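A short write-up of the structure that comes next.
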Amino acid sequence: MFDLAGLDISGAQSVVGSIRGILDVARPAGLKVVYLQIGYRPDLQDSGGPSSPNWHKELALVLMRERPELAGKLLVHGTWDFAIVDELKPEPGDVLIPKSRYSGFAGTPLDSVLRTAGVRHLIFTGVATNVCVEYWPILVSDATLQAGPPSQQAATVFNVETFFGWVTTSRDLIACLRQG
C-alpha cells in the first residue's frame, strides 16, 4: 500500500530483519508478543463510513476511493496487503488483535489483553508507527510549538495533515468559531 501511495519503502526489509531478531529473543525471554493487524471487511462496513475521520484519512481507504482499480485490494481481510509478512508470522502464544482504526485501542480488546497479562511497558515495532500511535487531531499550526528543532514541527504538521487529522491556522479557526 505504501509503495502504491508513492511512499518510500526501501527500509522495510531492514525493519523486518530487526523485528525478526527482536522476536527471536523476546519470546524466549517471556515477553508477551502482541500483533495489531489493521484491515477491513470486504464490504468496508467496519471502516466508519463518510462520517468517520477514518474514512477520510486512512490511507488504504483513500487510495481505494481515488483509484478504483485498487477497490477491495488494500488492507481488506484475506488480501495480500492485509497479510503479515512471512518472516514475522505470529507463533503459538502470541496474541493477534485485528483493528480497523489506526489506534490499537479503538474497538479492540487490547487494553484488557494487556491488563490481564500484567503488561506495564510496551515496546513498539513495525511500519507506520508514526501513524498508528496518534488519534484524529485538529492541529492549529501557528498555535503550537515543537520541542526541538523546527523540522520537528514540519514533520508533525505533515503527519497530522497526511495521515490522521487536519491542520488549520488560528485565523481560520477563529473565523470558523465566529460563524457559530
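Only the coordinates and a few stated rules stand behind these numbers; no lab work does. All figures in this text were calculated on a predicted structure; none of them were measured in a lab. Cβ atoms come from the backbone with ideal geometry, glycine included; neighbour counts cover every protein chain shown.
Here are the numbers for this structure:
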| item | result |
| --- | --- |
| C-alpha center-to-center spacing [the stretch 4-55, the stretch 115-175] in angstrom | 18 |
| Electrostatic dipole magnitude of the stretch 21-180 [Cβ: Lys, Arg +1; Asp, Glu -1; Cα centre; debye, to 20] | 360 |
| Rounded, prolate or oblate (a/c below 1.5 giving rounded, otherwise prolate when a/b exceeds b/c) for the stretch 22-90 by Cα gyration tensor | prolate |
| Fluctuation leader among GLY118, GLY49, GLY17 - the chain, Gaussian network, Cα springs under 10 angstrom | GLY118 |
| Between 0 and 90°, nearest 10: helix 12-26 axis offset from the chain longest Cα axis | 50 |
| Fully extended contour minus Cα-Cα distance, from ALA143 to SER52, at 0.36 nm per residue | 30.2 nm |
| The chain: angle of helix 150-159 to the longest principal axis, Cα-based, in degrees nearest 10 | 80 |
| Alpha-carbon Rg with Dmax, taken over the chain, Å | 18.4, 60 |
| Eligible lysines near LYS73 by straight Cα distance, threshold 25 Å, same-chain separation 8 or greater | LYS57, LYS89, LYS99 |
| Fluctuation leader among PHE124, PHE164, PHE82 - the chain, Gaussian network, Cα springs under 10 angstrom | PHE124 |
| Fluctuation leader among ALA83, ALA147, ALA12 - the chain, Gaussian network, Cα springs under 10 angstrom | ALA147 |
